[in-house]
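Visitor: This is the structure, below, for whatever I ask next.
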Amino acid sequence: MVNPLRKLVWALILVGLCPSVRSQDIAVAPPARNWTLPLFTREGFRQMTLRGDEVRPMTSDRIDIIGMNVTVFSGKADGRIDSVLLSPEASFLINEKVASGQKTVRLIRDDIDVTGEVWTYSYNEKKVLISKHAHVVFHSALPDILK
C-alpha cells in the first residue's frame with residue numbers, strides 16, 4: 001500500500017518541476033497553497049486531516065507547513081473529532097507521522113486546551129510534548145486532583 005503522504009510529496013514535486021528532477025532537488029519545489037490531505041482508516045473512516053496555508057516538500061520524508069491544522073478523528077463510523085492541533089509553522093515527518101515546531105502550538109480537545117512552544121506531536125503514540133511555556137486549561141471537573 002502506498003503512503004498517501006509520500007504520494008503528496010511526489011505530486012508536489014512533479015507539478016512544480018520537470019520530470020528529470022532528482023530527489024535531492026526537492027527543496028526547490030514550489031509550495032502548495034491552501035492544501036488539504038484527508039487520511040482514512042482501512043475501513044474507510046476518517047482518521048486525520050492535515051491542512052496548511054502553505055506546504056513545501058523538504059525531503060522525500062519531510063514537509064514543512066505554514067498555518068498547520070491537524071484534525072484527528074475517532075477513526076470510527078461516528079466521525080467524531082478527537083482533537084485539533086494548530087501551529088503557525090511545523091515540520092511533518094511522513095514515515096514516522098510526527099509533527100514538530102519551534103513556535104506556538106495549540107491542542108484542542110473537548111476536555112482540555114493546551115498551548116505552548118517548542119513541541120512535538122506523535123500521531124502513533126497520541127502524544128504531544130511541549131518544552132516551553134506550557135499552559136493547560138481543563139474543561140472538566142477534577143474532584144480528586146489534590147488527593
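Visitor: Taking the Cα centre of segment 29-147 as the origin, how large is its charge dipole in debye, to the nearest 20, when only Lys and Arg (+1) and Asp and Glu (-1) carry charge on their Cβ atoms?
Guide: Dipole of segment 29-147, to the nearest 20 debye: 100 debye.
Visitor: In segment 43-110, which GluC sites (Glu not before Pro) are in a loop and have at most 14 other Cβ atoms within 10 Å, using DSSP for the loop call?
Guide: Glu43, Glu96
Visitor: Please report Val128, Val70 as a ranked list, fewest other C-beta atoms within 10 angstrom at the top and most at the bottom. All intermediate terms of the calculation are to be shown ahead of the outcome.
Guide: Details: Val128 17, Val70 21.
So the residues, fewest neighbours to most, are Val128, Val70.
Visitor: Gln102 versus Glu43, label points 7 Å from Cα toward the beta carbon: distance in nm?
Guide: About 4.2 nm, to one decimal.
Visitor: Once you have a ≥ b ≥ c as the square roots of the Cα gyration tensor eigenvalues for segment 32-147, tell me rounded if a/c is under 1.5, and otherwise prolate or oblate according to whether a/b is larger than b/c.
Guide: Oblate shape, in that a/c is at least 1.5 and b/c is the bigger or equal ratio.
Visitor: So for the pair Leu142, Val84, with labels modelled 7 Å out along Cα→Cβ, what separation do we get in nm?
Guide: Distance between label points: 2.3 nm.
Visitor: Provide the gained length on full extension for the span Thr36 to Ile112, in nm with one decimal, where the gain is 0.36 nm per separating residue minus the Cα-Cα distance.
Guide: 24.8 nm
Visitor: Modelling each spin label as a point 7 Å along the Cα-to-Cβ direction, I'd like the Lys132/Ser60 distance in nm, to one decimal.
Guide: 3.4
Visitor: Once the other residues with Cβ under 10 Å from the Cβ of Leu93 are scored (Lys, Arg +1; Asp, Glu -1), what is the net sum?
Guide: 0
We did not get these values from a lab; they are worked out from the coordinates using the rules stated. Note that the coordinates shown come from a computational prediction; the quantities given were computed from them, not determined experimentally. As a convention, Cβ positions derive from the backbone with ideal geometry for all residues, glycine included, and neighbour counts pool all protein chains shown.
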